[in-house]
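Novice: Can you keep this structure in mind? I'll have questions shortly.
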């Protein structure tokens, strides 16, 4: 767990991650390493990934960076629920 906000460099790395030619699991691991409170807000079981921002703006920034990665969002996003809850199938 980190108490620091993600850097612009880290957010750009997420935005520019090559989903087609890269390894999406490496991206997920990268996000877990910079996610605030992963014990609560980062859950992965098999193909299912849940990200819960807990209202922390650094986690919200990570979600926005994922949304800016069009290929990731088109391929893996399943649903969002009000309150900062995001569900993906990897």
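Bear in mind these aren't lab numbers, they're just calculated from the coordinates by the rules spelled out. Fair warning: this is a prediction, and the values are worked out from it, not measured in the lab. Neighbour counts are summed over all protein chains in view; Cβ atoms, including those assigned to glycine, are modelled from backbone coordinates with ideal geometry.
Novice: If the chain between residue 25 and residue 75 were fully stretched, how many nm would it gain, using 0.36 nm times the residue separation less the Cα-Cα distance?
Specialist: 16.7 nm
Novice: Of the residues 47, 60, 16, which exhibits the maximal mean-square fluctuation in a Gaussian network model of the chain defined by a 10 Å Cα contact cut-off?
Specialist: Evaluated over the chain, the most mobile residue of the options is 47.
Novice: I would also like to ask the following. I need to check one value: relative contact order of the chain, counting alpha carbon pairs closer than 8 Å and at least 6 residues apart, in percent.
Specialist: Over the chain, the number comes to 32 percent.
Novice: Another one. Tell me what the chain gives for mean residue ellipticity at 222 nm when only DSSP H runs of n ≥ 4 count, each as -39,500 (n - 2.57), the sum divided by the residue total, rounded to 500 deg cm²/dmol.
Specialist: Using -39500 (n - 2.57) per qualifying helix, the result is -13000 deg cm²/dmol.
Novice: Can you tell which of 29, 64, 50 shows the greatest fluctuation in a Gaussian network model of the chain with Cα springs below 10 Å?
Specialist: Checking each option, the largest mean-square fluctuation is seen for 29.
Novice: Spin-label point model (7 Å from Cα, Cβ direction): what's the residue 8 to residue 64 distance in nm?
Specialist: 1.3 nm
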